[in-house]
Amino acid sequence: MSTREKILAAVKKNQPPLSALPDISVFKVHEEDVVKKYSEMFAGIGGLLVSAGSLETVKDLVRKDFDQSKRILSNIPALSDVAEISDSDADPHTLEDVELAIIEARLAVAENGAVWLTEDVMGHRVLPYIAQHLAVIVREDSIVSTMHDAYAKIATEDYGFGGFIGGPSKTADIEQALVLGAHGPLSMTVYLIK
Amino acid sequence: MKIGLFIPCYVNQLYPNAAIATLELLQKLGADVSYPSKQTCCGQPMANSGYEHLTQSCNDLFVENFSGFDYIVAPSASCVLHVKDHLHSHANEAAATEIRGKIYELVEFLTDVLKIEKLDAHFPHKVGIHQSCHGLRGLHLAQMSELVAPDFSKPRHLLNMVSGLELTELDRVDECCGFGGLFCIAEEAVSVKMGKDRITDHTKHGAEYITSPDLSCLMHMEGILQRNKSKVKIIHIAEILNSSSIKA
Amino acid sequence: MKSTLDHAALAEEFNKDEERVDWHDGALWWIRQKRDRSAHQTPQWEELREAASAIKSNVISNLHDYLIQFEENLKKNGVKVYWASDAEEHNQIVYSILKAKEIKQMVKSKSMLTEECHLNEFLEERGIEVINSDLGEYIQQIDNEPPSHIVLPCIHKRKEEIGELFHEHLGTEKGLSDPTLLTRVARKHLRNVFLTRRAALTGVNFAVAETGEYVVCTNEGNADMGAHLSEVQIASMGLEKIIPERKHLGVFLRLLARSAIGQPITIYSSHYKKPRPGQEMHLILVDKGRSNLLARPDFRESLKCIKCGGCMNTCPVYRKSGGLSYHNTISGPIGAILAPNLDMKKHADLPFASTLCGSCSNVCPVKIPIHDQLYKWRQEIVKQGYSASRKTFSMKAMALTLSSPEIYKTAGKTGRWLLNNAPFAINNKFNPWYKQRDMPDSSQQSFGEWYAKNGSKK
């Protein structure tokens, strides 16, 4: 018998009688103002939130807040004035020197401040992790209350890779002292647009 | 209402005043209390050490002593919890089942069965409540700090009826004292450290007395207090609730 | 750390430095408080725990079918699947994957399973270097010590000690101990590691049967840095990590980080489904005692664990004895109920390293009755003969005394008489009670004696 068959046989023999799945549709939060809640949560986790209103304003803000002499990468064609448009075929190692990545979120979650990104909006899987700084464009109407609502929207979508990102990378491994910028971005900015 | 008084082994031997206070308090409140003289122990010291299988004759004796009462009351949350969870008898399981449903720790008996709303007691001291873990997480004598649920405390409810008494606060409202039965011997270093830290939490908030529905926790803390020549005393909750206003 | 000392002895060592115990206790209590605040801010928190527990009950009861479904979907997604019964088989699989690609260096994100399997040692013996990329695990690795906590691997170390390690291994200035500066140094060093490793191994937090994707949660971003820069991505997971459907992630991701460190969600919750072009993805399903644990009705609920570490943070024994005292990869209350399933003799002391206070069960996001299981493991360990014969002897004497009212009365009197009249017989250093505690006053008559004289008069 192969290891696979051995394990499956043991599991089948030892598992208890079937126990039903619970109804998780009961978890409903009626958030009065998801944009406000989102903004509070995101700030609370160490993120920077700016109500930009439009992509045009985002461009101005990027110019103002980030060093234009360094590499800024995005997959959003409308930002081509301020960012190099990423090439999804590039070797991920070539992204090592990216200073700022600008990505548009598929959705954002008010209860925890996280944004949901899939690899098609990332341009490249490693980009939101390897960049020194991360900026995410969040459309106000894409904000949902909870993770339950988020998964209801994601539903059965097929993707190769997707991730929730809830702030700048962080660690508190040394004496519980919070340090922003562990291995991923040192900062994360969310630009809210209508 | 016939009440069987269960006085756990170490309370019987080492803290007779707490037992007397329990008896007197129940009598004062009009209960018909008797003490079956052949009682010994609930068997918890053996069971918690992994020897539950050796507790059968102890259990049978318990059933023999406490069958036929309307209620069984004891001034020890830990022993009551053990009986509730683990009392079984090959000889008479029906009686054991009945006892498991009828046994009450003193505080819950006063608040849930007698439902007392006032007490003629006076204790003009600053008192800190030690929530014994078995009373708290086993018998739910108060809300547990880990849960997201409404606050309540049966011991606090009773102590608030005592005139002159001032309850003191704690930083960690329901942390374990480290007694833990034979844990206090087997894990001496951690046990004592836990006890010391509980005491410090009480003393830094000004408690003169530490009280609890469980004397085992108090015995452990008393040992540490006395070794360190502390002026802070331990007292079983029954002794406070039974303290007469005339004495003061 | 190789040690033959039991938890009590190791805890006694740890307690020799009281200032350190206070610091350790305080750091973990602070995390427990953050967890409380976070739980209180989450509507329907207790219902969420209940739902998570029920989902895991379903998983345990239907694991066979879920495993087959998960495997099918993994294959559809282009992921290569392996099965391993034990540590040896798991380690061999990892080795063969690396060997086929002639890879000599691998970067690894946090995985308690590979710690338990001693994968790093296995690969190093075969000429493959492994670097742990989680900062805490990296620190533990350079100090040649196992993690003391599953979420906070080096919570027992002072920053000065970490500074000294960095001085020795990374060439930082002597005396440098600022956490931000040390983290920056590690960031720079490990960034180079990520960029140069062809293989990356991650653990798995949740594996979705319905879709074949698996989710890895970190705060540092180390799993993603490793995985997305690698040409060979390996994931190792215990069988119990399965969840039925994608939507169930909503329940678990709401609970995990809040229970662990009081954070609303981990910074990164990465859903790995398909390899990127040119990349290989491998996933190893590891049994290592899980199917055996399923056969133990009293203990199988421990398979629900999502490794948040909440039980450790709340456990006063853990906080005051340190994770390394548990001499097991997974320490604290959850370690004490998982370890005996793997080796009852070696871990016979762990279920006794608890006061059974029950706080662990109350914080557990999947409602494992941890303290009840500790009690049940004690019974099992004694039944299987793994307790000291001296203890059995005294327990039998106690059982005899307590089952006979007559012997009990005499013994009680003797005990009190001894306490009172011959303190030297009891109050000495061989009595662990007396070492730091006075004996109770035993000068009075017992209540039984008092009642015989006064009881009937009332």
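Numbers at a glance
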{"quantity": "Contact order normalised by residue count of chain C, Cα under 8 Å, 6+ apart, percent", "calculated": "20"}
{"quantity": "Whether the range C:213-302 is rounded, prolate or oblate, judged on the alpha carbon gyration tensor where a/c under 1.5 counts as rounded", "calculated": "oblate"}
{"quantity": "Which of C:W23, A:W116 has the fewest Cβ neighbours within 10 Å, and the rest in rising order", "calculated": "C:W23, A:W116"}
{"quantity": "Exposure proxy ranking, count of Cβ atoms within 10 Å, fewest first, for A:V50, C:V251", "calculated": "A:V50, C:V251"}
{"quantity": "C-alpha long axis of helix C:370-383 to longest principal axis of chain C, angle in °", "calculated": "70"}
{"quantity": "Options C:N313, C:N328, C:L294, ranked by Cα towards positive dipole end of the range C:278-365, top entry (Cβ charges)", "calculated": "C:N313"}
{"quantity": "Peptide B:169-180 - average C-beta neighbours from other chains (10 Å radius)", "calculated": "4"}
{"quantity": "Violating pairs (Cα-Cα greater than 24 angstrom) within the set A:K28/C:K56; C:K16/C:K159; C:K108/C:K345", "calculated": "C:K108/C:K345"}
{"quantity": "Highest-MSF residue in chain B out of B:Y209, B:Y35, B:Y104 [GNM, Cα springs under 10 Å]", "calculated": "B:Y35"}
{"quantity": "Mean residue ellipticity (222 nm) of chain A, computed from DSSP H runs ≥ 4 via -39,500 (n - 2.57), nearest 500", "calculated": "-7000 deg cm²/dmol"}
{"quantity": "Under 5 Å, built H, 5+ apart or other chain: amide partners of C:F206", "calculated": "C:V215"}
{"quantity": "Subset of C:K34/C:K110; C:K75/C:K241; A:K59/A:K194; B:K126/B:K231; C:K288/C:K376; C:K188/C:K274 violating a 20 Å alpha-carbon distance limit", "calculated": "C:K34/C:K110; C:K288/C:K376; C:K188/C:K274"}
{"quantity": "Among A:V179, A:V26, A:V11, residue whose mean-square fluctuation peaks in a GNM of chain A (springs only between Cα atoms under 10 Å)", "calculated": "A:V11"}
{"quantity": "Full-extension gain in nm, C:E125 to C:K75, via 0.36 nm per residue minus C-alpha separation", "calculated": "14.8 nm"}
{"quantity": "Within straight-line cross-link reach of C:K76, aspartates and glutamates at Cα separation under 17 Å, skipping those fewer than 8 residues along the same chain", "calculated": "A:E157, A:D158, C:D65, C:E210, C:E213, C:E245, C:E280"}
{"quantity": "Residues of the range C:104-133 with amide N under 13 Å of a point placed 7 Å along Cα→Cβ from C:Q92", "calculated": "none"}
{"quantity": "Of B:K196, B:K204, B:K233, the one that fluctuates the most in a GNM where chain B has Cα springs shorter than 10 Å", "calculated": "B:K204"}
{"quantity": "Derived scalar couplings ³J(HN,Hα) [the range B:65-74; Karplus, 6.51 cos²θ - 1.76 cosθ + 1.60; whole Hz; x for Gly, Pro]", "calculated": "6, 10, 6, x, 8, 6, 9, 10, 10, 9"}
{"quantity": "Percentage relative contact order, the range B:127-248, counting C-alpha pairs under 8 Å, at least six apart", "calculated": "28"}
{"quantity": "Gyration tensor (alpha-carbon) shape descriptor, the range C:281-385, a/c threshold 1.5", "calculated": "rounded"}
{"quantity": "Residue-wise HN-Hα coupling along the range B:187-196, computed from phi with Karplus coefficients 6.51, -1.76, 1.60 (Hz; x: Gly, Pro)", "calculated": "10, 3, 4, 5, 4, 5, 4, 5, x, 4"}
{"quantity": "Extended-chain gain in nm, criterion 0.36 nm per residue less alpha-carbon gap, A:K12 and A:H30", "calculated": "2.3 nm"}
{"quantity": "Rounded to 5, percent antiparallel among DSSP beta bridges of chain B", "calculated": "5"}
{"quantity": "Virtual spin-label span in nm between B:K38 and C:D438, 7 Å along Cα→Cβ", "calculated": "3.9"}
{"quantity": "Within-12-Å neighbourhood charge of A:G184 [Cβ basis; K, R +1; D, E -1]", "calculated": "+1"}
{"quantity": "Relative contact order %, the range A:95-177, counting alpha carbon pairs below 8 Å whose residues are six or more apart", "calculated": "38"}
{"quantity": "Vicinal HN-Hα couplings computed from phi for the range C:311-322 (Karplus, 6.51 cos²θ - 1.76 cosθ + 1.60; Hz; Gly/Pro x)", "calculated": "5, 6, 4, 8, 6, x, 6, 4, 4, 9, 10, x"}
{"quantity": "Label-zone membership for the range A:11-44, site A:A152, 7 angstrom Cα→C-beta point, backbone N under 19 Å", "calculated": "A:22-38"}
{"quantity": "Neighbour-count ranking [beta-carbon atoms within 10 angstrom, fewest first] of C:M225, C:M237, A:M1", "calculated": "A:M1, C:M237, C:M225"}
{"quantity": "Cα long-axis angle, helix C:389-402 against chain C (0 to 90 degrees, to the nearest 10)", "calculated": "50"}
{"quantity": "Prolate/oblate/rounded call for the range A:67-106, Cα gyration tensor, a/c under 1.5 rounded", "calculated": "oblate"}
{"quantity": "Point-to-point label distance, C:T180-B:R172, nm (Cα→Cβ direction, 7 Å offset)", "calculated": "3.1"}
{"quantity": "Nearest-0.05 FRET efficiency for A:D141 and C:L5, computed from C-beta distance (R0 51 Å)", "calculated": "0.25"}
{"quantity": "Distance in nm between pseudo-label sites at B:Q56 and C:E12 (7 Å out along the Cβ direction from Cα)", "calculated": "3.6"}
{"quantity": "Partner chain coverage, peptide A:138-148 - average Cβ within 10 angstrom", "calculated": "2"}
{"quantity": "10 Å Cβ neighbours from other chains, averaged over peptide C:349-355", "calculated": "5"}
{"quantity": "Set of lysines with alpha-carbon distance to B:K118 below 18 Å, sequence-local pairs under 8 removed", "calculated": "B:K28, B:K154"}
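Where a number appears in this text, it was derived from the coordinates with a stated rule and is not lab data. Please read these numbers as outputs of a predicted model, since none were measured by experiment. Neighbour counts run over all protein chains shown; Cβ positions are idealised from the backbone, glycine included.
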